[in-house]
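Take a look at the structure below.
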Amino acid sequence: MSAAAAAGTWKLGDLEVNRIGYGAMRLTGNGMMGNSDGAPIDRDAAVGLLHSAFEQGVNHIDTASFYFSPLRSANELVNRALASWSGDVVVATKVGPARDASGEWLAMARPDRLRGQVEENLRQLGRDHLDVVNLRRNGPATASITEHFGALAELRQAGLIRHLGLSNVRPEHLLEALPIAPVVCVQNSYGLDWRRADENGLVDLCREQGIAFVPYFALAGLQREAAAGQEHDARVHSVARAHHATPAQVRLAWTLHRGPHVLAIPGTTNPAHLAENIAAGSLRLTEEDVAVLAPPPGGP
């Protein structure tokens with residue numbers, strides 16, 4: 001059994017993946033999201049890192065055409081790595097938001113512009129179809145996604161997309177999408193310090209519907225796009241000591257403990273951290289551990 005398979009598997013439609021995956025955003029440098037505290041990785045090093053992930057059993061990569069910095073494109077690096085890899089890897093990408101050449105964020109794309117974004121991902125990834133495309137919601141929380149998701153459903157019918165998912169949504173958005181086309185995954189910010197998807201019932205709704213819930217920022221928490229910093233939570237340190245694990249592994253294990261439908265896509269440019277993250281799939285928290293990590297009175 002590979003290291004990434006230790007946490008078990010889940011199916012994104014007909015595509016079975018190990019529950020520990022990899023998020024490609026950090027390959028571009030943290031400047032991708034407006035921070036300047038990270039340099040982009042060397043191209044050959046990035047390909048080597050991705051190959052190392054694949055060798056350890058990672059077969060689910062999260063990326064997007066808007067993950068780029070002045071020097072690096074996540075899709076281009078993923079394309080390079082897959083071109084020289086013989087195994088099967090499921091690639092999930094996102095459409096909806098866009099950035100101009102200078103990196104400035106643009107408004108949410110109109111439904112009739114989503115085909116262009118899908119085709120851009122196809123070009124950058126060097127593929128004739130996309131495994132999974134997530135509609136990344138951006139804008140007023142109450143805005144309907146029907147037209148946008150319907151446009152992607154048409155592209156799925158046309159064969160450009162195999163499976164559809166959603167990102168940054170509320171339960172009502174998922175319920176809005178399901179009558180239009182099958183949804184195989186939901187990507188939302190979620191972790192030990194940010195449990196809104198528990199509070200609004202989204203994690204449980206995904207489980208009930210047989211849909212993968214794929215948290216992002218599971219390690220960075222409230223720091224969001226910034227790389228995970230030094231752990232200051234005494235509860236996490238306590239559980240880590242009990243298991244001879246690292247705080248990051250405890251955070252990932254807590255996320256995976258939430259249910260067999262919950263996946264993880266931690267990103268890093270550090271080979272040691274990569275191995276550490278993947279090894280978290282074999283860490284089993286006890287109910288006592290989970291109780292220790294429960295939110296303090298008043299919330300996290």
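Bear in mind that the values in this text are calculations on the coordinates, not laboratory data. Remember, predicted model here, so these are calculated numbers, not experimental data. Don't worry about glycine lacking a Cβ; one is built from the backbone with ideal geometry, like all the others, and counts go over all protein chains shown.
Before moving on, here are some points about what is shown:
- Ranked by how many other beta carbons lie within 10 Å on average, peptides 190-203, 57-70 from highest: 57-70, 190-203
- Eigen-decomposition of the gyration tensor built on the alpha-carbon atoms of the chain gives equivalent ellipsoid semi-axes of 28, 23, 19 angstrom, largest listed first.
- Label-to-label distance, nm, for residues given as residue 1 and residue 154 (7 Å Cα→Cβ offset): 4.6
- In plain terms, the chain from residue 86 to residue 16 could stretch by 23.5 nm, reckoned as 0.36 nm per residue minus the Cα-Cα distance.
- Remark: the residue 101-residue 71 segment gains 9.6 nm on full extension, using 0.36 nm per residue and subtracting the alpha carbon distance.
- Other-chain or far-sequence residues with amide H under 5 Å of residue 190's (modelled H): 216, 218
- By the Cα gyration tensor, the stretch 108-247 has an equivalent ellipsoid whose semi-axes, rounded to whole angstrom, run 32, 18, 14 from largest to smallest.
- Taking a point 7 Å out from the Cα of residue 172 in the direction of its Cβ, the residues of the stretch 188-202 whose backbone N falls within less than 16 Å of it are 200-202.
- With the charge dipole of the chain set up from +1 on Lys and Arg Cβ and -1 on Asp and Glu Cβ about the Cα centre, the Cα lying farthest toward the positive end among the listed residues 173, 212, 106 is that of 106.
- Neighbours of residue 251 by Cβ distance under 14 Å: Lys/Arg scored +1, Asp/Glu scored -1, total -2.
- Ellipticity at 222 nm from helices only: DSSP H runs of n ≥ 4 in the chain, each -39500 (n - 2.57), divided by the residue count, give -9500 deg cm²/dmol.
- Packing-based order for 107-119, 151-163, using average beta carbon neighbours within 10 Å, highest first: 151-163, 107-119
- Compactness of the stretch 174-220 was expressed as the Cα radius of gyration divided by 2.2 N^0.38 Å, which yields 1.16.
- The packing ranking, built from the mean of other Cβ atoms within 10 Å per residue, places the peptides 281-290, 208-217, 85-94 in the order 208-217, 85-94, 281-290, highest first.
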